[in-house]
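Heads up: the structure comes next, in structure tokens.
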Protein chains: 2
Amino acid sequence: MSKSDRPTEITTPTHERVFRALRSEIMHGEITPGQAITIRGIAETYGVSMTPAREAVRRLTAEGALSLSKTGRVSAPQLSTERIEELASIRALLEPELAARAQPRAHLALIERLQNINTTIEQMIVKKDAVGYIRSNLEFHRTLYLRAQAPAMLAMVETVWLQLGPTMSALYARLQRPNAAGHHRTAIAALRAGDEPGLKLAIRADVTQGLRMLGS
Amino acid sequence: MSKSDRPTEITTPTHERVFRALRSEIMHGEITPGQAITIRGIAETYGVSMTPAREAVRRLTAEGALSLSKTGRVSAPQLSTERIEELASIRALLEPELAARAQPRAHLALIERLQNINTTIEQMIVKKDAVGYIRSNLEFHRTLYLRAQAPAMLAMVETVWLQLGPTMSALYARLQRPNAAGHHRTAIAALRAGDEPGLKLAIRADVTQGLRMLGS
DNA sequence: ATGCGGATTTTGTGATCACATTTCCGGCGA
DNA sequence: TCGCCGGAAATGTGATCACAAAATCCGCAT
């Protein structure tokens, strides 16, 4: 079979599958800060051998999603207050830029989709579903930023989200009423009006809001 | 031996050693864009087995320092013009902030060290030593930013440097006279004068300068 | 009860192997 | 001369094993 050769179905490697699954769990706050992770545990959970589990852990630690103790033990990171503020600063620097770049390309269908996602966010808030809230909140931001056509910048921001994942879930758990939906509405209005400064401000406010109740 | 137990000398793992060595090579432009990398080749070069070599490669790819083809082949990335501009934008966003944060903590000894490094940079320029130029240029920035006490932000910037490494060396090779030393002098002067806006501007100009001659 | 010491289990690490696929290269035919 | 084909070499992938260090657990003495 040489001529009608189909492009040889590519099977995503095992370590890639494990990596994506773990990454999603961490980013969406399904892992508690400080929670111990073992390579053999991952391997058993996903029914694979140690090798791909180890590679997934390596990639995650390279992204700062997992932290290693001096002895090589793996765990979800426990972020210090300073670290959290720093990561929030990075978000505050990058995300308004991404939003501004997305603005000229944001057509009506996108804005409607953002509104739908925002409705979901509000539902998650009343349901007090922390994981669902984080997931849909990130989906809101990602949907907007994807229009920026800036994959490297988006990847960088996602890395920050990843590092904040476990902490965010623990943080929002004690959070009575996140105002994200409000900031999102402001952002959508600015998006509609073509108001770039307003959009950047709304995104910045949304990003740094979770930081404020940190002093409690 | 229970009481006088020394803290059990920790030996840095093999995969860590290989990772650091490779990372340094890539960041400093000792790898050509598109250059093929093989796991077995790395293993042989460093006299280790495939396992730690693979883990080092995984971490590097997670940082964007290496790129994988669909078939899993590893190579140094060939960045598109858009990607380069994007990475420069990230630098332009983060590095002025790092400089501004470092400013209040920058004492005289630091400024002198920066001047020394800048002298080295000028020597590298006249010697047309691309790798040496990149290395000392990054050392200049890192020395300044270390004072910012913002490890997460610095790590993020270093990731960008890493991604730009191979391209930078190929780029500066055809570059007649980098003006980095000049921008650095301006930055040092602003640092001395406590002129934060001037410092941020100088850093931004320095960071985006390499971008301009990209249209050639 | 409580702290301590040693045995036991757990865990990360590195090496090796087998396998499937891809890539490379040399030769053959149009 | 150019293109194609087939085998050989190279490469990534996943599994398994042995080993050392660390963490845990259990019983004992105070």
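The values are calculated or read from the model by the stated rules, or taken from the named source; none is laboratory data. For clarity, every value in this text was computed on a predicted model and none was experimentally measured. Here the Cβ positions follow ideal geometry from the backbone for every residue, glycine too, while neighbour counts run over all protein chains shown. Ligands, DNA and RNA are stripped out before the accessible areas are found, and what is left, the full protein with its side chains, is counted by its heavy atoms. Shrake-Rupley method; radii C 1.70, N 1.55, O 1.52, S 1.80 Å.
Numbers below:
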quantity	calculated
For A:Ala189, inter-copy label distances in nm, listed shortest first [label point 7 Å out on the Cα-Cβ vector]	4.6
Helix B:196-212 axis, angle to chain B major axis (alpha carbon atoms, nearest 10°)	60
³J(HN,Hα), Karplus 6.51/-1.76/1.60, whole Hz, each residue of the stretch B:65-81, x for Gly, Pro	7, 10, 10, 9, 7, 4, 8, x, 5, 9, 7, 5, x, 9, 7, 6, 4
Cross-link partners of B:Lys200 among aspartates and glutamates (Cα-Cα below 13 Å; sequence separation of 8 or more within a chain)	B:Glu95, B:Glu97
Whole-Hz couplings from phi, Karplus 6.51/-1.76/1.60, listed for the stretch B:39-53; x for Gly and Pro	4, 5, x, 4, 4, 5, 4, 9, x, 10, 8, 5, 4, x, 4
Projected-area average for chain A over all orientations - Cα convex hull basis, square nanometres	15.4
The stretch A:96-167 - convex hull of alpha carbons, volume per residue in Å³	76
For the stretch A:70-132 versus the stretch B:101-167, the gap between their alpha-carbon centres in whole angstrom	31
Solvent-free Debye scattering, log10 I(q)/I(0), computed from the Cα coordinates of the protein assembly as shown at q = 0.09, 0.10, 0.13 Å⁻¹	-0.65, -0.80, -1.32
D_trans [Stokes-Einstein, Kirkwood Rh over alpha-carbon pairs] for the stretch A:6-124, 25 °C, 0.890 mPa s, µm² s⁻¹	141
Point-charge dipole on Cβ atoms (K/R +1, D/E -1) for the protein assembly as shown, about Cα centre, debye to 20	240
Accessible-area value, B:Thr71, 1.4 Å probe, nucleic acids and ligands omitted, Å²	110
Principal-axis tilt of helix A:180-193 within chain A, Cα atoms, nearest 10 degrees	60
Positive-end extreme of charge dipole, chain A - chosen from A:Leu60, A:Ile39, A:Thr120 (charges on Cβ)	A:Ile39
For chain A, accessible area per residue (1.4 Å probe, heavy atoms of protein chains only), Å²	50
Chains A and B together, accessible area buried on both sides, 1.4 angstrom probe, square angstrom	2300
Rounded percent of accessible protein surface that carbon and sulfur make up, the protein assembly as shown, 1.4 Å probe	51
For the stretch B:142-154, Karplus couplings with θ = phi - 60° (6.51, -1.76, 1.60), whole Hz, Gly/Pro x	5, 4, 5, 5, 4, 6, 6, 6, 10, x, 5, 5, 5
Relative contact order, percent, the stretch A:1-120 [alpha-carbon distance under 8 Å, six or more residues apart]	23
Convex hull of Cα atoms in the stretch A:14-75, direction-averaged projection (nm²)	3.8
Helix A:108-127 axis, angle to chain A major axis (alpha carbon atoms, nearest 10°)	80
Estimated dipole of the stretch B:81-215 in Debye, rounded to 20 [Cβ of Lys and Arg +1, of Asp and Glu -1, Cα centre]	260
Label geometry 7 Å along the beta-carbon vector: A:Thr143 inter-copy distances in nm	4.9
